[in-house]
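Asks: The structure's right below; bear with me while I get my questions together.
Laboratory data are not the source of any read-out in this text; all were calculated from the coordinates shown. Just so you know, these numbers come straight off a predicted model, no measurement behind them. Every residue, glycine among them, receives a Cβ derived from its backbone with ideal geometry; neighbour counts consider all protein chains shown.
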């Protein structure tokens, strides 16, 4: 159990740092489009989790610490639904309802598509 907990924590650090770096870069370069950072990490995270799901289905003997570290730690640290919700609310509050709804649709539909694509990549 201890190796799994350590793995989730360590991989979570890297996922969180990558998310922070993405947000910092997008905000510095495109401040009006701050929400694109959350969209990007969520879509990439969906692609990664789909790929990992397929890879681990093909390798059921992969150690639990690796599965949990990558899926729960790294992808969990990289993506977040709460930031997506806040970004959508901020867009609505600023009077950008069409953009808010487009962003929400792109996040949900894009996330599902990216997860499917990640799983599909394991079958190539």
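Asks: Being surrounded by 13 or more Cβ atoms within 10 Å (Cβ to Cβ) and without any contact (Cβ under 8 Å) to a residue 24 or more places away in the chain is the filter here; which residues of region 50-73 pass it? Break it down stepwise before answering.
Replies: Filtering region 50-73 down to residues surrounded by 13 or more Cβ atoms within 10 Å (Cβ to Cβ) leaves 50-56, 62, 65-73.
Selection gives 56, 62, 67, 71.
Asks: A follow-up question, please. Can you tell me which residue is surrounded by the fewest Cβ atoms within 10 Å (Cβ to Cβ) among those in region 80-100 that are within 30 Å of residue 12 (Cα to Cα) and out of contact with any helix residue (DSSP H, G or I) (no Cβ under 7 Å at 6 or more places or on another chain)? If you could, list the steps in order and put the result at the bottom.
Replies: Residues of region 80-100 that are within 30 Å of residue 12 (Cα to Cα), as a first pass: 80-91, 100.
Right, trim to out of contact with any helix residue (DSSP H, G or I) (no Cβ under 7 Å at 6 or more places or on another chain) and you get 80-82, 85-86, 89-90.
Details: 80: 17, 81: 11, 82: 8, 85: 13, 86: 13, 89: 11, 90: 13.
Per the criteria, the residue is 82.
Asks: In region 8-26, what residues are surrounded by fewer than 17 Cβ atoms within 10 Å (Cβ to Cβ) and within 22 Å of residue 108 (Cα to Cα)?
Replies: At the first step, the residues of region 8-26 found to be surrounded by fewer than 17 Cβ atoms within 10 Å (Cβ to Cβ) are 9-10, 13-14, 16-18, 20-21, 24-25.
16, 18, 20 - these are the residues of region 8-26 that are surrounded by fewer than 17 Cβ atoms within 10 Å (Cβ to Cβ) and within 22 Å of residue 108 (Cα to Cα).
So that you can scan it fast, the table gives a plain yes or no per residue for (1) over 11 Å from the mean Cα position of the chain (by Cα); (2) within 21 Å of residue 24 (Cα to Cα); (3) free of Cβ contacts under 8 Å to residues at least 40 places away in the same chain:
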| site | (1), (2), (3) |
| --- | --- |
| 75 | no, yes, no |
| 79 | no, yes, no |
| 82 | yes, yes, yes |
| 92 | yes, no, yes |
| 97 | yes, no, yes |
| 108 | yes, no, yes |
| 114 | no, no, no |
| 120 | yes, no, no |
